[in-house]
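The values are calculated or read from the model by the stated rules, or taken from the named source; none is laboratory data. All values derive from a computational prediction rather than experimental measurement. With ideal geometry, Cβ positions are generated from the backbone for all residues, glycine too; neighbour counts draw on all protein chains shown.
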Amino acid sequence: MRIALLTSANGWRGSGSSYAKIARGLGERGHTAHLVTASARLTSRFQRMGLAVTELPARNTGPREAWALLRVLRAIQADAVVVDTPRDVRLAALATLGRPASIVYRYNLNYRHPRNHLLDRAYLRRVSACVYQSRWIRDDAAREPWLRRIPHFLIPNGYDLDRYAPRPEEGRAFRERYGIARDARVVLTSAKLTRNKGHEIAITALGRLHASGVPLVYLICGDGGREAELHTLARSARLPAVFTGLLESDELVAALAAADVVVHPSLNEIFPNAVGEAMACGCPVIAADAGGTAELVGSNGAGVLVPPGDSDTLAAAVRELLEDPERRRRLGEAARRRIESEFPLARMIDRYEAALAAVIE
């Protein structure tokens, strides 16, 4: 199979991580998988990972961009193009007028108001299948009649258990590099610094704990437009915080190994890679019970779920774990076992391979 993977994301986030896994997994099985981006930062990240990528000339949806995508589809003789935003659906629908290829919509959260005019409905009619990462997002999409009619596949994210694994020595080295004391309690969040990720909720909760005498440091891994604002919030809460920026995967594994607890306060998620990666690394995770997060964490002691937006409950859950190292150990081991049994990377690639083959045939 020859597959193009198109994303108009403006930086690294969960969809970029998932696209990288799909591209590498399909490539290792003998298929052609070519990434198409609209962001220089995303392009360079994929290139550093050794993946084939082409950057489109702009982020608009017009003849210039459609022609650029069409050239890519023709160059790789694409059988299918995978897209993950409404903008990408529109662009792929235009480009495939000149190169017959199936469109697979890897349905993602869209924080803008939905577009429902006739052209958008026409674009969706060109979609051959949807991929949903969780039952929650599948059911959410089903409220839109124009999506209900499209055949779909349910494919949760999978995780590389060799890359994401407990590495305590690397965690100790990470603490030294960032000047974090050995006896400090480290609480980590790995997420893009955008409003929907809930960093301010964690800062409020952890600031109260620190003020009550808990010697903790908030380790914030990721980049985005809210960095300066979050720095100010942490200072106002008198919360020691370390901002690492966006980390390469090996550095992120070391950061996770340095953490005592991972907190994911995001207010809306489909199936969060950041939580899955932490679980694969054997970290005890506290996550907001929002969107499809509960489907990843499960209900058998592989993580702690708290109400979204509730800083008081989050603070209490963090305190309990920081005071109970044995429970942290049990949660971390259960989290790793859940990823091993339910969400290994090979199973995710199996399902994409089968879904794409079915759509192309």
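All of Gly301, Gly276 fail the test of being outside any helix (DSSP H, G or I) and either touching a residue at least 24 places away in the same chain (Cβ under 8 Å) or not assigned by TED's automatic domain parsing to the domain that holds Ile180 (or both), apart from Gly301. Summed over segment 312-335, the residues that are in contact with a strand residue (DSSP E or B) (Cβ under 7 Å, 6 or more places away or on another chain) and under 19 Å from Arg208 (Cβ atoms) give a count of 6.
Just one residue in the set Arg135, Arg121, Arg148 is surrounded by fewer than 18 Cβ atoms within 10 Å (Cβ to Cβ), of a type in the set (Lys, Arg) and under 24 Å from the mean Cα position of the chain (by Cα); that residue is Arg135.
The rows are residues; the columns are (1) surrounded by fewer than 18 Cβ atoms within 10 Å (Cβ to Cβ); (2) touching a Ser or Thr at 6+ places or on another chain (Cβ under 8 Å).
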| position | (1), (2) |
| --- | --- |
| Ala23 | no, no |
| Glu28 | yes, no |
| Ser39 | no, yes |
| Arg45 | no, no |
| Val53 | no, yes |
| Glu65 | no, no |
| Leu73 | no, yes |
| Ala95 | no, no |
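Just one of the numbered conditions (1) more than 19 Å from Ala9 (Cβ to Cβ); (2) within 24 Å of the chain's Cα centre (by Cα); (3) surrounded by 22 or more Cβ atoms within 10 Å (Cβ to Cβ); (4) among the aliphatic types (A, V, I, L, M) is not true of Val104: (1).
Taken together, Ile150, Ile103 contain a single residue that is within 22 Å of Ala354 (Cβ to Cβ), at pLDDT 95 or above and not small (Gly, Ala, Ser), which is Ile103.
The listed residues are Glu340, Glu333, Glu269, Glu320, and the only one of them that is crowded, with 23+ Cβ neighbours inside 10 Å, farther than 30 Å from Ala78 by Cα and among the charged types (D, E, K, R) turns out to be Glu269.
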